[in-house]
Amino acid sequence: MTNLSDTFYYILPAYTQGLVLSLGLIVAIGAQNAFVLRQGLRREYVASIVLFCALADAILIAAGVFGMAKALGERPIITKALSLAGAVFLATYGWQALRRAQQSNQLRPAESGVQGKLAAVILQAAGFTLLNPHVYLDTVLLLGSIGAQQAPALRPWFVIGASCASVLWFSMLGFGARWLAPWFARPKAWQILDGLIGVTMWLLAFLLLQHTFFA
């Protein structure tokens, strides 16, 4: 019978590598993170958003590790199509954020909590996740390629480690945002946040198009 401590030390490097690499890629300013942060501040379906984003990451990472990374690398036309769709989505959301920045909004205790429809919020989360080619580059291609280099028995542990990083980060971002709520009781704070989100979305859309079609 295999010793439990031996098994632990056998799988630990693969798990840790997946965890550290995933954290290094996910902890960055991006469309998906900005959306999760905003939902956390508004306290709208935070658990559902965190669960969806973490589960989507886990599925994409697993798909990359078990073969999708190689398939996408051989079909650049798919990457270009995803880039175009993602740029349009980011530009549209950025325009909406800039429009909100022109309005005087604030977070009041009586108004916080669930307000919109869950289906609409999940669709937005899906857009930021699935229409963002950088998600595929990070989760499917990069993490997938590295994870695929592990021994077959260790690949699931690499996926688990990388998935744990997503759960940890999105939970901190979504549920931790409530500690920032007092700052957003002022209308100016919301205007600054939405302004930054809008500019970030447009910049990401521009860089995405530039890198995909003009590089």
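What follows is calculated from the coordinates using simple rules that are stated; it is not laboratory data. Since the model is a prediction, treat every value here as computed from it, not as a measurement. Cβ placement follows ideal geometry from the backbone for every residue including glycine, while neighbour counts extend to all protein chains displayed.
Overview of results
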quantity	calculated
Pair L98, A81: separation of 7 Å Cα→Cβ label points (nm)	3.0
Length released on extending from Q149 to L123, taking residue separation times 0.36 nm less the Cα-Cα span	6.0 nm
Local electrostatic count at A177 - Lys and Arg +1, Asp and Glu -1, tallied over other residues with Cβ under 13 Å	+3
Net +/- balance of residues flanking G18 in space, Cβ distance below 12 Å, scoring K and R +1, D and E -1	0
